[in-house]
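Reviewing the structure listed below.
Read the figures in this text as sums done on the coordinates, not as results from a lab. On a predicted model such as this, the values are computed, not experimentally measured, just so you know. All Cβ positions, glycine included, derive from the backbone under ideal geometry; neighbour counts span all protein chains shown.
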Amino acid sequence: MSRVNIRNTQPKAYDAMFCLEGYLGSIDLPAALIEVVKIRASQINGCAFCIQMHSDAALKAGETNKRLFALPAWKESALFSDEERAVLALTEEITLISRQGVSDQVYTTLQKHFKEEQIAQLIMLITVINAWNRIAVSTHA
């Protein structure tokens, strides 16, 4: 079944999304971490298109297959640093925000590793990939 193509039917909205994506290119976070966040949110949201695209980008940014394979089980894996765990916890809580919001524990842990500006950037990063996931999944992109 064919679904709406937002790029064609709502080009201003699509262009606005690309402006947000362009902003993400300027944030003060490692490229591999950005891609890992995008992959984890996409895994939770079931967006195969985004998982593949961001896995390819993560590998190009220096990420390893071993860590990408372990990403769904990051809580049990020794392959992720405390800083990465803080980011992945935030990613999951924002992506699943209706469950409990973002807990004080996750936010406090994040503050141990990142400046306020970087926390704002992480929140925007997670918000943007969740928006892309919702567009891709709902339109069968």
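By the count of neighbouring beta-carbon atoms within 10 Å, fewest first, W132, W74 end up ordered W74, W132. Ignoring lysines fewer than eight residues from K38 along the same chain, the ones with Cα atoms less than 18 angstrom from its Cα are K60, K66, K75.
Taking the chain as a Gaussian network of alpha-carbon nodes connected by springs under 10 Å, the highest mean-square fluctuation of the residues Q105, Q121, Q43 belongs to Q105. For V37, what charge total do you get from the other residues with a beta carbon under 11 Å from its beta carbon, if Lys and Arg give +1 and Asp and Glu give -1? Result for the neighbourhood of V37: -1. Dividing the mean sequence gap of close Cα pairs (under 8 Å, 6+ apart) by how many residues the stretch 10-136 holds gives a relative contact order of 33 percent. Remark: H140, H54 ranked as H140, H54, counting other beta-carbon atoms within 10 Å and listing the fewest first.
Springs join every pair of Cα atoms under 10 Å in this Gaussian network model of the chain, and among R99, R67, R85 the largest mean-square fluctuation is at R99.
Counted by neighbouring Cβ atoms within 10 Å, the residues V128, V37 run from fewest to most as V128, V37.
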